[in-house]
Amino acid sequence: MRAAIVTQPIDVATLLAEVAALGHGATSLFVGTVRDTHAGRHVTGMEYKAYEAMALHELTAVVAEAEATFPGTQIVCEHRVGELTLGEASVVIAVAHAHRASAFDACRFVIEELKRRVPIWKREHYVDGTRAWIDPTAPAPREAHA
Amino acid sequence: MRYRSAMPVRVLLFASYAEALGQDEVAIDTPVHATVADVLAHLRTMPGADRLPPQPLVAINARYARIGDAVHAGDEVAVIPPVAGG
């Protein structure tokens, strides 16, 4: 297993190669990317900020829990921080297992737990030049949060 | 605020909370036997702190903590806005 908070673009192929093994018949991959709209507003970019020491600790714990909950999975996860442009990957999770069910389930586990407890925040940049920190607990009137 | 047996504590603020108080790090003195609640009470005397929620998430030395947990000299207390990773 491996978890990391990174500042450079995430290389999906590297993560896939890391979990590859001849005994793995299934690999699931989650790629979270910067979207161009949020709650009806046009987004031009995104800044991610982490409480780095704690974020790495929590993310490592999440990946370890996923491997313990779904025995036989091998998992790597990188979350990027800093300034990202539209379409860039903010988070990548690769999970390999002998069979697909555990690969899918563990991948879902990691992204949901990451969103629940890893101390990372994002600030959206809008077309009018303004910026706002996103609060996922605030009501989103026009659309559900992904 | 000064106390007779003051204890230095570093408080970290992030994202919207840092924006609210206009700084991302505050050095404060708390009384010995202080808890996270005492640290928060001190923070609430600062301009912009009215934008902090009544019960924010907190951490001591980069681990989630509870409001009633004890704070020790030299600890790093973080006030954690709702997380938004992914």
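The values are calculated or read from the model by the stated rules, or taken from the named source; none is laboratory data. Quick caveat, the model's predicted, so the values are computed rather than measured. Counting neighbours? That spans all protein chains shown, and the Cβs are built from the backbone with ideal geometry, glycine included.
Only one entry of A:Arg100, A:Arg117, A:Arg123, A:Arg80 meets the criterion of being farther than 20 Å from A:Thr33 by Cβ, out of contact with any Cys (no Cβ under 9 Å at 6 or more places or on another chain) and within 13 Å of chain B (Cβ to nearest Cβ), and that entry is A:Arg117.
Residues in the range A:117-135 that are part of a loop (DSSP other than H, G, I, E, B) and in contact (Cβ under 8 Å) with a residue 24 or more places away in the chain were compared, and the one that is farthest from the chain's Cα centre (by Cα) is A:Val127. Taking the criterion of being surrounded by fewer than 16 Cβ atoms within 10 Å (Cβ to Cβ) and either on the phi > 0 side of the Ramachandran plot or among the polar types (S, T, N, Q) (or both), would at least one residue in the range B:6-18 satisfy it? No. Take the conditions (1) surrounded by fewer than 18 Cβ atoms within 10 Å (Cβ to Cβ); (2) under 28 Å from B:Pro56 (Cβ atoms); (3) touching a Ser or Thr at 6+ places or on another chain (Cβ under 6 Å); A:Arg131 misses just one of them, which is (3). Residues in the range B:39-55 that are crowded, with 17+ Cβ neighbours inside 10 Å and either within 14 Å of chain A (Cβ to nearest Cβ) or within 22 Å of A:Met54 (Cα to Cα) (or both) were compared, and the one that is farthest from the chain's Cα centre (by Cα) is B:Leu52.
Considering every residue within the range A:33-44, establish whether at least one is among the basic types (Lys, Arg) and over 16 Å from the mean Cα position of the chain (by Cα). Among the residues of the range A:33-44, at least one is among the basic types (Lys, Arg) and over 16 Å from the mean Cα position of the chain (by Cα), which makes the answer yes.
Of the residues A:Ala55, A:Ala61, A:Ala39, only one is at pLDDT below 95, out of contact with any Phe, Trp or Tyr (no Cβ under 9 Å at 6 or more places or on another chain) and closer than 29 Å to A:Asp135 by Cα; which? Sole residue among the options that is at pLDDT below 95, out of contact with any Phe, Trp or Tyr (no Cβ under 9 Å at 6 or more places or on another chain) and closer than 29 Å to A:Asp135 by Cα: A:Ala39. A Cβ distance below 6 Å, combined with a sequence gap of six or more or placement on separate chains, defines the contacts here; from the range A:89-114, residues that are buried (at least 23 other Cβ atoms within 10 Å of the Cβ) reach residues that are aromatic (Phe, Trp, Tyr) in the pairs A:Ile93/A:Phe30; A:Ala106/A:Phe70; A:Cys107/A:Phe30.
The requirement of being modelled with pLDDT of 95 or more, of a type in the set (Lys, Arg) and loosely packed, with under 15 Cβ neighbours inside 10 Å is not satisfied by B:Arg2.
Screening A:Thr137 against (1) among the polar types (S, T, N, Q); (2) within 13 Å of chain B (Cβ to nearest Cβ); (3) within 18 Å of A:Val34 (Cα to Cα) leaves a single unmet condition, (3). With respect to the conditions (1) within 13 Å of chain A (Cβ to nearest Cβ); (2) within 30 Å of A:Leu84 (Cα to Cα), B:Gln23 lacks only one, and its number is (1).
Looking across the range B:66-86, the residues that are within 14 Å of chain A (Cβ to nearest Cβ), buried (at least 20 other Cβ atoms within 10 Å of the Cβ) and on the phi < 0 side of the Ramachandran plot come down to B:Asp75, B:Val77, B:Ala78, B:Val79, B:Ile80, B:Pro81, B:Val83, B:Ala84, B:Gly85.
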